[in-house]
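The block underneath contains the structure these notes are about, expressed in structure tokens.
Coordinate-derived values only; no laboratory data. These numbers were taken from a predicted model, which means no experiment stands behind them. Cβ sites come from the backbone with ideal geometry, for glycine too, and all protein chains shown count toward neighbours.
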Amino acid sequence: MLTHVGTIGIETERLILRKFEYTDDENMLKYWISDPEIQSLYSEPVYSTKQEVKINDVSCF
């Protein structure tokens, strides 16, 4: 049985995987949460401003 211990970061020379932070909102908007096609795959709303992301407390944080 697996026990959840939270998000653990992984870092290599070419890649950094880490938990989302509120300061990621600009890149999130640029790369996926403002794209209707991508958001439709997850049945999630499309966001167009950083304010919307913060107001709706986007669940990936």
key: Failed condition for MET1, given (1) loosely packed, with under 13 Cβ neighbours inside 10 Å; (2) free of Cβ contacts under 8 Å to residues at least 24 places away in the same chain; (3) outside any loop (DSSP other than H, G, I, E, B)   = (3)
request  = Within segment 17-37, count every residue that is surrounded by 10 or more Cβ atoms within 10 Å (Cβ to Cβ) and closer than 26 Å to GLY6 by Cβ.
outcome  = 14
query = Of the residues in segment 38-55, how many are surrounded by 13 or more Cβ atoms within 10 Å (Cβ to Cβ) and among the hydroxyl-bearing types (Ser, Thr, Tyr)?
reply = 1
